[in-house]
Amino acid sequence: MTDTPYSQRLQGLRVVVAGGGGAIGAPIALACAAQGARVVIADISEKYAQETVDATVAAGGEAHAVHIDVGDLGSIAAGIGEAKAALGGIYTL
């Protein structure tokens, strides 16, 4: 175990939260950002993804929204490409 404070355990990590605009994903995205992660909110609903981004930024975190439909491989590939471009790579999904 490290001595890193809980609030900084994800400091600098690049995280994609699939379904990040939803009732489960949004709190996960906010918690990751609160612990220092740079977050991409991936969701089929651009509106809800942007709402999560806005809440994350308002709380002092860094977040970006991308549209991803997990039922469409082309959408997944494009969204992950956007996420990599926004964050400079991805650490975890």
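Structural remarks
- Residue check for residue 63: at pLDDT 95 or above and over 18 Å from residue 80 (Cβ atoms): no
- Of the candidates 60, 74, the single residue that is open to solvent by 20 Å² or more (accessible area, probe 1.4 Å), farther than 24 Å from residue 35 by Cα and of a type in the set (Gly, Ala, Ser) is 74.
- For the stretch 46-56, a residue qualifies if it is of a type outside the set (Ser, Thr, Tyr) and within 21 Å of residue 89 (Cβ to Cβ), and the qualifying residues are 49, 53.
- Lone qualifier among 85, 63, 58, 78 - being closer than 18 Å to residue 24 by Cβ, of a type in the set (A, V, I, L, M) and without any contact (Cβ under 8 Å) to a residue 40 or more places away in the chain: 63
- Any hit, the stretch 34-45, residues being touching a residue at least 24 places away in the same chain (Cβ under 8 Å), farther than 18 Å from residue 92 by Cβ and charged (D, E, K, R): no
- For residue 89, the test of being of a type outside the set (A, V, I, L, M, F, W, C), touching a strand residue (DSSP E or B) at 6+ places or on another chain (Cβ under 7 Å) and part of a helix (DSSP H, G or I) is failed.
- Residue that is nearest to residue 93 (Cα to Cα), among those in the stretch 8-29 that are open to solvent by 60 Å² or more (accessible area, probe 1.4 Å) and of a type in the set (A, V, I, L, M): 18
The values are calculated or read from the model by the stated rules, or taken from the named source; none is laboratory data. From a predicted model like this one, the values you see are computed outputs, not experimental measurements. Ideal geometry is used to build each Cβ from the backbone, glycine not excepted, and the neighbour counts take in all protein chains shown. These area figures cover heavy atoms from the full protein model, side chains too; ligands, DNA and RNA do not enter into them. Shrake-Rupley method; radii C 1.70, N 1.55, O 1.52, S 1.80 Å.
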